[in-house]
Amino acid sequence: MNSQALPRGGRNAVKEDIVSLPLQQLQQALADLGQPPYRAKQLFGWLHARRAQSFDDMNNLPAALRAKLAASWRMEQPDVVRRLQSADGTEKLLLRLHDGHTIETVVMRYHHGVSLCVSSQVGCRMGCTFCASGHAAFVRSLSAGEMAAQLYTAEALAGERIDHLVLMGIGEPLDNFDNVMDFIAIVTDEAGADLSMRNISLSTCGLVPMIEKLAERKLGLTLSVSLHAANDATRSRLMPVNKAYPLARLMAACRAYREKTGRRVSYEYALVAGQNDADTDADALADLLRGTDGHVNLIPVNPVLGLPATASDAGRTAAFAARLKARGVNATVRRRLGADIDAACGQLRLQEAGRIPEDTVAAYL
Ligand code: SF4
């Protein structure tokens, strides 16, 4: 075999996932095999538009090329371990990856279309106290192909096109920057899934240097910053990342992001009873956002057994929203989807790993 045909890791390396390559990288890989540029486009179409299951399916590629590709690259799909369907139309999938680790992805149905909540890592290093993913050990980051496979698997099962993505599942997307950028390049490519950049939302807990790096890319996506508190003491208690990047630095990065990209930043605020949902918290949030045109999404936090967070009730949530609006802040209360199927991110995975007994979680919800 021509040494140029080997995966980038070298002769003895485990084969790399070809689904992870954006078109430009695929063109380079095929050029290394002596193939003309149109072959890369054909291959990309098989992987990302027609969703071929194996190289053998790609019947307009020469057999010799298919054999070379199969010798150098892998293209597995994840196994669907569980599929939970909620009464409100939300579907949650637990997927097993090639190395046995599991991740979750969630299909959500809104009036504006179908949206997929994508996981970017197995576990998460950020340790937010209210989050099931932060409760589980970080294992590894996902490849671009493993993120794309969530979309392709979900679309195949749902039998319909998913036109919005939120990078808000397990993991911190900006802690997996390069793979997330490749994933976005792949799914927005018109030769593949052809998603609109404007229909992609990337959620971060506030990794300031990576927000700055993302701003340099000037992508048309929506940056969604998880605030969850408007003062450093409470935020550091809920989200340890705040100790490294406190609110003043975070808000400066958000303002700079707005200026550089021209895109409004949106802010997530999960209401946790007794911790961040008082009138004084709403006033502090309004002060923090003064002078920005950011939009606040209020989310009744999904309960996770064993974690010190209970959702604010409907009355408190409405009062909090009204107080923000009275102070000129654009705020909406997000509908809680999939409460009957353990929708809190990472919860199904913890159950699978035996960390939370299934019946106890069901009872708790
Ligand atoms: S909320 Fe997001 S960043 Fe925080 S621990 Fe959970 S997955 Fe990680």
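Read the figures in this text as sums done on the coordinates, not as results from a lab. Here the structure is a predicted model, which means the values were calculated and not measured. Neighbour counts are summed over all protein chains in view; Cβ atoms, including those assigned to glycine, are modelled from backbone coordinates with ideal geometry.
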Report task. Treating only the Cβ atoms of Lys and Arg (+1) and Asp and Glu (-1) as charged, compute the dipole magnitude of the stretch 10-83 about its Cα centre; round to the nearest 20 debye. Result -> 100
Requested in this report: Grab the other residues whose beta carbon is less than 12 angstrom from that of residue 209, score K and R as +1, D and E as -1, and report the net.
Outcome: -1
Query raised in the report: Taking neighbour counts of Cβ atoms within 10 Å as a proxy for exposure, in what order, fewest first, do 216, 16 appear?
Result: 216, 16
Report task. Report, as a whole number in µm² per second, the diffusion coefficient that Stokes-Einstein gives for the stretch 10-127 at 25 °C and 0.890 mPa s using the Kirkwood radius over alpha carbon pairs. Result -> 147
Query - Proximal charge balance of residue 263 [Cβ under 11 Å; K/R count +1, D/E count -1] - result: +3
Query - Local net charge near residue 177, Cβ-Cβ under 13 Å (Lys/Arg +1, Asp/Glu -1) - result: -4
Query - Label-to-label distance, nm, for residues given as residue 110 and residue 53 (7 Å Cα→Cβ offset) - result: 3.3
Query raised in the report: Under a straight-distance cross-link criterion of Cα-Cα below 20 Å, which aspartates and glutamates are reachable from residue 15, leaving out those fewer than 8 residues away in the same chain?
Result: 32, 56, 57, 76, 79, 99, 146, 178, 182
**Report entry** Neighbour-count ranking [beta-carbon atoms within 10 angstrom, fewest first] of 213, 92, 218
**Finding:** 218, 213, 92
Report summary line: Highest mean packing first, using Cβ neighbours within 10 angstrom, the peptides 263-270, 111-118 sort as 263-270, 111-118
Report task. Could you list 119, 201, 226 in order of exposure, starting from the residue whose Cβ has the fewest other Cβ atoms within 10 Å? Result -> 201, 226, 119
